[in-house]
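Working notes for the structure below.
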Amino acid sequence: PSWAGAGFDTKWVETEVVLDRDGKGQVAYAVRWSAHGRDLHGFYFEGAAETPVFDYTGAYAVDDRGTRYGLEIKHVSGNKYDIILADGQGFQGGDITYFFRYAADFQAAGTLTQTMAGDKRLAVFNWSPVQWDEPLEHMTVKVIYPFHIVGGQVGEPELKGLSFMTEKFVN
């Protein structure tokens, strides 16, 4: 269903994934909503391939006036969670950004695995963020891999030395 008809609009989503060497990692979301005419309390978050272990104390929202809100995250069913402003609060008349994160075991979820390319063992990260049910102004995904690059410069030679490969459309 479209939230826009109810006075709510998902504007953008930014996701950061930090991979650990043990097949686990952390996923952080920033989700910007616009709310006009009615109170926005929260939204359902669902569709993650991995089982989220939420950081409940670090979850919050900030509106465009700088007001900070606590968040409550409740399991609804299966892989569906209700992410709402704490203490029954609602927001309207502008934009509000929800920030939440969770730990995940990507290896157990099957999104991080290994394969062979000739005699070389390669790690495969076959993951994507959850899909949203309406158009977004932008959706950004940043993946931080567990590699240390000497000098901090990442270019073609460094990636080739790590046997790092990705789809051509990924920057």
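The values are calculated or read from the model by the stated rules, or taken from the named source; none is laboratory data. Remember, predicted model here, so these are calculated numbers, not experimental data. Note that each Cβ is placed from the backbone with ideal geometry, even for glycine, and that neighbours are counted across all protein chains shown. With ligands, DNA and RNA removed, areas are computed over all heavy atoms of the protein, side chains included. Shrake-Rupley method; radii C 1.70, N 1.55, O 1.52, S 1.80 Å.
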Where A123 falls short, out of the listed (1) among the small types (G, A, S); (2) surrounded by 15 or more Cβ atoms within 10 Å (Cβ to Cβ); (3) closer than 22 Å to H138 by Cα; (4) over 20 Å from the mean Cα position of the chain (by Cα) | (3)
From V154, V130, residue being more than 23 Å from the chain's Cα centre (by Cα) and of a type in the set (V, I, T) = V154
When the range 21-66 is checked residue by residue, the ones that are more than 30 Å from F106 (Cβ to Cβ), of a type outside the set (D, E) and open to solvent by 60 Å² or more (accessible area, probe 1.4 Å) are H36, G37, R38, H41, R65
Subset of the range 126-142 [over 16 Å from E16 (Cβ atoms) and open to solvent by 70 Å² or more (accessible area, probe 1.4 Å)] = N126, Q131, D133, P135, E137
Do you know which residues across the range 102-147 are of a type in the set (D, E, K, R) and either part of a loop (DSSP other than H, G, I, E, B) or within 14 Å of G25 (Cα to Cα) (or both)?
-> D105, D119, D133, E134, E137, K142
Subset of the range 69-96, residues open to solvent by 50 Å² or more (accessible area, probe 1.4 Å), in contact with a strand residue (DSSP E or B) (Cβ under 7 Å, 6 or more places away or on another chain), within 25 Å of G47 (Cα to Cα) and assigned to a loop (DSSP other than H, G, I, E, B), comes to N79
The range 148-171, residues that are open to solvent by less than 90 Å² (accessible area, probe 1.4 Å), in a loop (DSSP other than H, G, I, E, B) and not small (G, A, S) = I149, L162, F164, T166, V170
Going through the range 84-122 one residue at a time, which ones are more than 22 Å from V53 (Cβ to Cβ), out of contact with any Ser or Thr (no Cβ under 7 Å at 6 or more places or on another chain) and hydrophobic (A, V, I, L, M, F, W, C)?
-> F91, I96, M116, A117
